[in-house]
């Protein structure tokens with residue numbers, strides 16, 4: 001590149017791809033293998049939480065890629081495949097486990113041509129001890145409330161159930177189908193992947209260590225918005241500042257990830273209305289406040305508009321953050 005000192009270009013590339021902060025997917029618009037010959041990617045955001053003394057609820061983010069289509073997900077306990085679910089789902093209950101036992105789980109994606117992708121990172125969960133001769137179910141969760149959060153999400157909350165041995169988890173149902181589980185200390189859930197302008201019915205049941213289920217809470221019904229309002233799934237507390245380092249201007253970002261059920265591992269940054277980069281966390285993604293910095297050039301006094309959005313665990317994009325305006329300063 002003319003006019004660019006040899007030592008500067010590598011620094012620009014490193015700053016753009018953010019390798020010092022996280023693993024970044026720099027999508028140049030091409031594919032390493034023609035004709036979609038690559039296997040599916042690695043499932044991210046995998047979590048495991050005990051649902052009872054004999055079950056663990058495993059969740060992961062949907063694998064999305066332009067050149068492959070996931071047909072199924074395989075869930076492994078250690079090296080043994082224990083569950084297989086359709087590609088449209090990204091959570092499952094692993095049952096018939098032993099009480100008071102530690103387990104390790106991984107997830108792999110399989111595409112429509114039968115290619116199996118690499119395993120996810122390992123996640124661990126320990127089942128609680130079994131309660132002897134426990135036939136008493138928890139009480140019904142009360143005060144279930146729900147509201148549409150834009151066009152593709154719903155926010156649910158409820159009051160705690162009681163149980164003579166303790167509530168281990170709460171199961172969330174959409175219609176008559178279980179769609180999620182949260183720990184016994186949880187009192188809320190954000191359901192994503194819904195359709196705009198659609199009416200839904202939700203209820204919640206409490207579960208104890210002996211797998212006794214409470215009666216369902218009173219059903220809450222809601223209708224998602226018909227537009228594209230994604231405020232409930234947008235990053236909040238978004239900040240952007242200009243920094244000068246390594247002989248160039250950078251924009252430093254920070255934000256609070258959306259509060260949804262699951263782990264946010266991918267973000268898209270837009271600069272002046274165009275995609276600047278996509279960020280993919282390869283390890284533990286931040287839950288409280290995230291940060292990222294990227295290169296924007298050497299010229300002083302240039303004003304940029306920047307905003308960010310998250311890839312939700314169900315494989316859909318959340319709403320955009322507030323847009324911030326940043327002007328590069330004077331070289332220091």
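Data overview
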| read-out | value |
| --- | --- |
| Label-point separation, residue 291 to residue 213 (7 Å along Cα→Cβ), nm | 4.6 |
| Taking all pairs of distinct alpha-carbon atoms in the range 47-126, Kirkwood radius in angstrom | 12.9 |
| Computed FRET value (nearest 0.05) for residue 244 with residue 121, which takes r as the C-beta separation and R₀ as 30 Å | 0.25 |
| Model label zone, residue 302; criterion: amide N under 14 Å from point 7 Å along Cα-to-beta-carbon; scope the range 230-250 | 242-245, 247-250 |
| Spin-label pair residue 187/residue 145, simplified geometry with 7 Å Cα→Cβ offset, distance in nm | 1.1 |
| Rg/Rh for the chain, where both radii come from Cα atoms and Rh is the Kirkwood radius | 1.03 |
| Contour excess over end-to-end distance, with Cα ends at residue 231 and residue 323 and 0.36 nm allotted per residue | 31.8 nm |
| As computed over the range 138-222, the Cα convex hull volume per residue (Å³) | 74 |
| R0 of 30 Å, Cβ-Cβ distance residue 101-residue 259: FRET efficiency to nearest 0.05 | 0.45 |
| Degrees, to the nearest 10: 8-17 long Cα axis against longest axis of the chain | 20 |
| Residue of 82, 168, 70 that the Gaussian network model of the chain assigns the largest fluctuation, springs spanning Cα pairs under 10 Å | 82 |
| Peptides 123-129, 47-53 ordered by average Cβ neighbours within 10 Å, highest first | 47-53, 123-129 |
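None of the figures in this text is laboratory data; all of them are computed from the coordinates on show. The shown structure was predicted, so the numbers you read here are calculated from the model rather than taken from an experiment. All Cβ positions, glycine included, derive from the backbone under ideal geometry; neighbour counts span all protein chains shown.
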